[in-house]
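The values are calculated or read from the model by the stated rules, or taken from the named source; none is laboratory data. Model, not experiment: these values are computed from the prediction. Heads up, the Cβs are rebuilt from the backbone with ideal geometry, glycines too, and the neighbour counts pull from every protein chain shown. Just so you know, the surface numbers come from the protein's heavy atoms only, side chains and all, with ligands and any DNA or RNA stripped out. Shrake-Rupley method; radii C 1.70, N 1.55, O 1.52, S 1.80 Å.
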Amino acid sequence: MIMRVKSEIKIIGMNFFIISAAFTSALIVLSAIAGELLHFYPISFEVLLPFFATIAVGEWGKTRADINFDIIAAQSSSLFHWVLLRYVITFGISTVFAVICMVFSSAFRYELPLWELFIIYFPPAFLLSSLCALFGIYYNGEHISILACGIIWLIVLLTRSLLRISGVEYIYLFIRYADEQNPVWLWNKCIVTTIGMLLWGIIYLRCKRTDAH
């Protein structure tokens with residue numbers, strides 16, 4: 001397993017780490033120089049960093065768009081294990097950089113405890129990146145999964161007025177950004193995480209169908 005992880009990291013390449021470090025550093029600097037009027041924590045940890053994690057999964061954790069996908073699918077005993085491993089590595093590394101950003105940002109402007117920042121970040125990051133992984137096993141075009149998730153991300157941002165409809169607050173992806181004081185935000189995070197897990201159920205079934213062929 002360790003050798004497989006090292007192999008996948010080698011395939012991902014150094015660009016991933018350089019870009020992740022640069023993006024994280026930019027947010028840390030912004031946290032230090034931004035004024036009090038900037039809604040920094042929800043924008044950074046619920047909107048921007050989850051989308052960056054989604055880009056990471058789509059760009060560096062690609063599956064069907066990988067030029068060696070057919071060979072891997074034919075030789076692998078379980079396509080799902082390979083898809084999951086590649087996802088865990090790219091999403092996990094992105095999350096490590098997000099946590100680093102949380103720690104340093106809190107040192108410059110403490111507004112929320114670290115555990116709350118992580119809860120704000122993880123559910124939307126997990127759902128969007130899982131959706132990207134799902135698109136990634138259906139479409140072999142470069143960047144299609146990122147484009148699809150980017151459109152969804154933008155639509156959700158532009159439709160926060162839907163929170164006026166009763167019940168939408170339980171599933172709205174960026175609840176703390178749209179309404180920081182909403183009392184159901186913890187329920188929202190649980191439901192969003194559950195939806196992400198259901199997406200992995202679909203991914204598993206799709207991979208099993210590919211294995212069967």
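How far apart, in nm, are two points set 7 Å out from the Cα along the Cα-to-Cβ line at Ile72 and at Leu158? Roughly 3.3 nm, to one decimal.
Using bins of 5 Å that start at zero, the share of Cα-Cα pairs per bin across the range 1-120 amounts to 2, 11, 20, 20, 14, 11, 9, 7, 4, 2, 1, in whole %.
If you take the Cα centroid of the range 76-136 and the Cα centroid of the range 171-213, the two points sit 13 Å apart. When the Cα positions of Val88, Tyr110, Ile2 are compared along the charge dipole of the range 1-141, Ile2 comes out farthest toward the positive end, with charges on each C-beta of Lys, Arg, Asp and Glu. Scan the range 1-104 for GluC sites (Glu not before Pro) in coil per DSSP, keeping those whose Cβ has at most 12 other Cβ atoms within 10 Å, and list them by number. Answer in residue order: Glu36. Spin-label model, Tyr138/Ser166: points 7 Å from Cα along the beta carbon direction are separated by 3.3 nm. Evaluating 6.51 cos²θ - 1.76 cosθ + 1.60 at θ = phi - 60° for every residue in the range 18-23, the Karplus couplings come out as 5, 5, 4, 5, 5, 5 Hz, glycine and proline recorded as x. Gain on full extension, evaluated as 0.36 nm per residue between Val88 and Ser106 minus their Cα-Cα distance, stands at 3.9 nm. Positive end of the dipole of the chain (Cβ unit charges, origin at the Cα centre): among Leu48, Ala125, Ser31, the Cα lying farthest that way belongs to Ala125.
How big is the charge dipole of the chain about its Cα centre, in debye rounded to the nearest 20, if each Lys and Arg gets +1 on its Cβ and each Asp and Glu gets -1 on its Cβ?
Working: 14 positive and 13 negative charges, 103 e Å.
Once rounded to the nearest 20, the dipole reads 500 debye.
Per residue, the range 50-208 exposes 48 Å² of solvent-accessible protein surface, assessed with a 1.4 angstrom probe and all protein chains in place.
Each label point was placed 7 Å from the Cα along the Cα-to-Cβ direction; for Glu116 and Leu198 their separation is 2.9 nm.
Place a +1 charge on the Cβ of each Lys and Arg in the range 80-194 and a -1 charge on the Cβ of each Asp and Glu, then give the dipole magnitude about the Cα centre in debye, rounded to the nearest 20. Mind dumping the intermediate values first?
Details: 6 positive and 6 negative charges, 14 e Å.
With Lys and Arg at +1 and Asp and Glu at -1, about 60 debye.
For the range 102-171, the gyration tensor built on C-alpha atoms gives an oblate shape. Its axis ratio a/c (a ≥ b ≥ c) is at least 1.5, and a/b is not larger than b/c.
Of the solvent-accessible surface of the range 78-213, computed with a 1.4 Å probe and all protein chains present, 71% belongs to carbon and sulfur. Shown here for the range 102-185: GluC sites (Glu not before Pro) in loop regions (DSSP other than H, G, I, E, B) with at most 15 other Cβ atoms within 10 Å, namely Glu111, Glu142, Glu180.
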